[in-house]
Structure formats: structure tokens, C-alpha cells
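Here's the structure, in C-alpha cells; my notes come after.
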Amino acid sequence: MAWIYLVVAGLFECGWAIGLKYTDGFTKLFPSLLTISAMAISFLLLSIAMKTIPVGTAYAVWTGIGAVGVAILGMLLLGESRDILRIVCLLLIVSGIVGLKLVSSTSGTS
């Protein structure tokens with residue numbers, strides 16, 4: 001269950017990172033409230049996941065999901081570069097996330 005919390009925390013990290021773009025420096029109320037809410041949920045779920053997943057693994061996976069997710073959303077929503085080398089680098093991050101899951105030696109992993 002901890003891994004599910006961690007993945008969902010990573011998805012909320014994507015939400016708040018992209019949300020920052022729309023807050024306009026926290027001057028727009030609704031986007032700011034959504035962004036702050038996503039931050040709180042992301043950190044809460046990360047902290048729950050860290051009860052059983054080692055901190056280094058949990059943080060690396062959380063930031064990896066966030067980095068890859070935000071890069072993909074940047075390409076889809078903000079017209080950022082879709083260069084093949086950029087995509088290959090994102091795939092390397094994904095392979096690292098999968099590798100960390102495979103070698104994790106925590107109880108309760110699924």
C-alpha cells in the first residue's frame with residue numbers, strides 16, 4: 001500500500017508543480033488554492049509512504065515521478081520541446097524509478 005501512496009503523492013507533485021505556472025506568483029486565488037492543496041496532499045502521502053519505504057528510495061521515486069510527469073505535461077500543455085534526446089532522458093529516469101521499486105527491500109511492498 002505504501003507504494004500506491006507514493007505514486008499518488010508523485011502525481012500530486014506534478015499537479016502542484018504545473019499549478020505554480022498558473023498561480024501567477026500566487027496572485028490568482030483559485031489556481032493558488034488548488035496548488036497549495038496539491039502540495040499538502042503530496043507531502044502527506046509522501047510522509048505516509050515513508051513509514052515503510054526507505055527515505056532515500058521514497059524521495060527519489062517521488063521526485064522522479066514529479067520530474068517526468070511535469071516534463072510530459074510541459075510538452076502537452078505548454079508547448080515545451082519534444083526532442084528525442086529529452087524523451088530518452090525521461091525514459092532513463094523512469095527506468096531508475098522502476099529499478100528502485102524492483103530492488104526495494106522494504107516490507108509491505110506491492
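Only residues that are of a type in the set (Gly, Ala, Ser) and more than 22 Å from residue 94 (Cα to Cα) were counted across segment 1-37, and they come to 4. Would segment 65-79 turn up any residue that is open to solvent by 50 Å² or more (accessible area, probe 1.4 Å), more than 21 Å from residue 3 (Cβ to Cβ) and not in a helix (DSSP H, G or I)? Yes; the residues of segment 65-79 include at least one that is open to solvent by 50 Å² or more (accessible area, probe 1.4 Å), more than 21 Å from residue 3 (Cβ to Cβ) and not in a helix (DSSP H, G or I).
Residues considered: 53, 41. Of these, the only one that is assigned to a loop (DSSP other than H, G, I, E, B) and aliphatic (A, V, I, L, M) is 53.
Among the residues of segment 97-104, some residue qualifies, meaning at least one is in contact with a helix residue (DSSP H, G or I) (Cβ under 7 Å, 6 or more places away or on another chain), farther than 19 Å from residue 13 by Cα, part of a loop (DSSP other than H, G, I, E, B) and in contact (Cβ under 8 Å) with a residue 12 or more places away in the chain. For segment 1-56, filtered to residues that are under 15 Å from the mean Cα position of the chain (by Cα), within 16 Å of residue 77 (Cβ to Cβ) and open to solvent by 50 Å² or more (accessible area, probe 1.4 Å), the residue that is modelled with the highest pLDDT is 11.
The one condition from (1) out of contact with any helix residue (DSSP H, G or I) (no Cβ under 7 Å at 6 or more places or on another chain); (2) part of a helix (DSSP H, G or I) that residue 34 does not meet is (1).
The values are calculated or read from the model by the stated rules, or taken from the named source; none is laboratory data. Everything numeric in this text was worked out from a predicted model, so none of it was measured. FYI the Cβ positions are ideal-geometry reconstructions off the backbone, even for glycines, and counts take in every protein chain you see. To get the accessible areas, we keep the full protein, side chains included, count just its heavy atoms, and leave off ligands, DNA and RNA. Shrake-Rupley method; radii C 1.70, N 1.55, O 1.52, S 1.80 Å.
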